């Protein structure tokens, strides 16, 4: 089963989630404005173990 | 059977394509001839073997309504007319567990040691006609196909009413073998239903049901027929006449699909609840039998054949033709043609017409000494090639041959000229003739030479987006005048370098546009476009450039309205881009020079060079 991924419309900025693996899996269009400029937002990697984020 | 007897046709039944290589005019096809375990040249189909076979299995041809043995003739018209031993059903050949069929075979045709055989054939063209699969309605539980014996499919109906069927044409219901007097037909089972992933019309079911009602009226005039439908699509020649004749026989057509079927345990009759949308009320019908008019679906081997011949598929899973109007039997793979259901649902008449067209198209190639290809194929410069092989997987046609450690090569007869390889090569080793990097970048520079801030740069694919612009023009649709189009054969031709060059030259907005996924004229090359645009958005963001300035749109040749709307939207976006942003982009996105292959210098040459330096 394919994981749910986050996508952002590069025209109107609307963010939504859809099942899929890659951006090019299927033709995507924004549910809000119908634009095809849909960017796949890759999940941010968690910080590596043992490395503390730098403090101000 | 005529094909089997034709001197110029070699019919290979019980065989499948295992491997394909080559290109138009020069295909090499490896075919796996499956083991039959019966020598068909010796077998005279006397049937003695089947009489002694102890294994009984459901007969697939009779949709499981009768049985067969492990050794059987698949169907009465099978070519060759010979028995076949299904080793999955047989009690075993290693060691031989039963052997009765071999004992009684006077012709000694049974061969338990038979094995699959790979044969190779050289062919000039290929016609793909792999047919269809019928929808299995077990997942639609509301119709009770798995729960009630008297709910059958239209395929089972065909076998029951056929004189060569399991009941010799006596139409009886499965539960009590009595003749049903009230029969209901439910249309669109597995068709026009997005909930189960089949939004398309199967094309043949309406007329098949109308034909069935006429058959019933002819065989059993006292039968009451009720057809539950959402639309009757009787659009072919004389089809409307058949529909009217069916109604004249007394068949009732109820507009509405049943929501539920229940069985009366005492009589095994079926109670169908349906919303009659014509009358606007809920109705219940007690019927002796219900026939599910099942739709069709792409055959299960379609994906495999698609991979072997590099054929593209439409969104409904059938093969895509090269052009729906102008090349209805051609495929994106040159020399490969389509016929019949595998291209999409159609009736027999259409299938025959398409088969004739495919044969004509194939014949035209076979009767010519050479083929003409457009001069827009890719060329690889071996001296520049880094031997990385990244170009090979992006070619949807398999036209690039690459082996590790060697420069890639292009087979021009296979190359369709999408240019995806050229856009993927970071070494500038691939030139797509007439759409070279230098030509396209020169267009970018020329467009943005003066007042770039006032322009929207659009890369439009030849087949759809650019044609969409033409459609907007001939439809006299007005749209913003700030866009400047650069035509490429495919959106996949647009390299990252071209887009970055555009921003470096001061373009406020860049649009990459191509065909819709299902319309891609290069199988699936526009998936590479998506990958590149995704990567470019990341690149722009890292460089501090607003990624929204790069846009992507799919516009078909018929979407003049959409083309105009997109251009207006791009203009609105352009107006939001400030001069400071443009200047920042120009600075941040300086074009990188092409990578250069590091040549290994032979040791002897290196020594000579150092000696020369020393002498100087």
### Query
Would a scan of region B:344-360 turn up a residue that is within 17 Å of residue B:417 (Cα to Cα) and at pLDDT 90 or above?
no
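Here is a yes/no grid of residues against (1) farther than 22 Å from residue B:519 by Cα; (2) surrounded by fewer than 16 Cβ atoms within 10 Å (Cβ to Cβ); (3) touching a helix residue (DSSP H, G or I) at 6+ places or on another chain (Cβ under 9 Å):
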{"site": "B:279", "(1), (2), (3)": "yes, yes, no"}
{"site": "B:285", "(1), (2), (3)": "yes, no, no"}
{"site": "B:307", "(1), (2), (3)": "no, yes, no"}
{"site": "B:337", "(1), (2), (3)": "no, no, yes"}
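Can you confirm whether region B:98-121 contains a residue that is under 17 Å from residue B:212 (Cβ atoms), outside the structural domain of residue B:311 (by TED's automatic domain parsing) and in a strand (DSSP E or B)?
no
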#### Entry: Selection status of residue B:308, in contact (Cβ under 8 Å) with a residue 12 or more places away in the chain, assigned by TED's automatic domain parsing to the domain that holds residue B:218 and touching a strand residue (DSSP E or B) at 6+ places or on another chain (Cβ under 8 Å)
no
### Query
Right, residue B:551: within 8 Å of chain A (Cβ to nearest Cβ), farther than 17 Å from residue B:462 by Cα, without any contact (Cβ under 8 Å) to a residue 60 or more places away in the chain and in a strand (DSSP E or B) or not?
yes
### Query
Looking only at residues in region B:510-538 that are in a loop (DSSP other than H, G, I, E, B) and facing chain A (nearest Cβ under 9 Å), which one is farthest from residue B:567 (Cα to Cα)?
B:524
## Note on the structure
In region B:223-245, residues that are over 35 Å from the mean Cα position of the chain (by Cα) and outside any loop (DSSP other than H, G, I, E, B) total 5
### Query
How many of the residues in region B:497-509 are under 16 Å from residue B:465 (Cβ atoms) and away from every other protein chain (no Cβ under 14 Å)?
1
### Message
Name the single residue that is modelled with the highest pLDDT among those in region A:5-22 being surrounded by fewer than 18 Cβ atoms within 10 Å (Cβ to Cβ) and facing chain B (nearest Cβ under 9 Å).
### Response
A:13
### Query
Does residue B:391 fit the bill of being under 24 Å from residue B:501 (Cα atoms), outside the structural domain of residue B:567 (by TED's automatic domain parsing) and surrounded by 15 or more Cβ atoms within 10 Å (Cβ to Cβ)?
yes
### Task
Considering only region B:541-566, state which residues are within 17 Å of residue B:514 (Cβ to Cβ) and in contact with a strand residue (DSSP E or B) (Cβ under 9 Å, 6 or more places away or on another chain).
B:550, B:551, B:552, B:553, B:554, B:555, B:562, B:563, B:566
### Query
Looking only at region B:559-596, which residues are closer than 30 Å to residue B:429 by Cβ and within 14 Å of chain A (Cβ to nearest Cβ)?
none
### Query
In region B:340-426, which helices (runs of 4 or more DSSP H) lie fully inside it and hold 3 or more residues that are in contact (Cβ under 8 Å) with a residue 40 or more places away in the chain and either over 18 Å from residue B:320 (Cα atoms) or within 20 Å of the chain's Cα centre (by Cα) (or both)?
B:348-366, B:420-424
### Query
Exactly one of (1) in contact (Cβ under 8 Å) with a residue 60 or more places away in the chain; (2) loosely packed, with under 14 Cβ neighbours inside 10 Å is unmet by residue B:333. Its number?
(2)
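The values are calculated or read from the model by the stated rules, or taken from the named source; none is laboratory data. Note that this is a predicted model, so its numbers are computed, not measured. We place every Cβ from the backbone using ideal geometry, glycine too, and count neighbours over all the protein chains shown.
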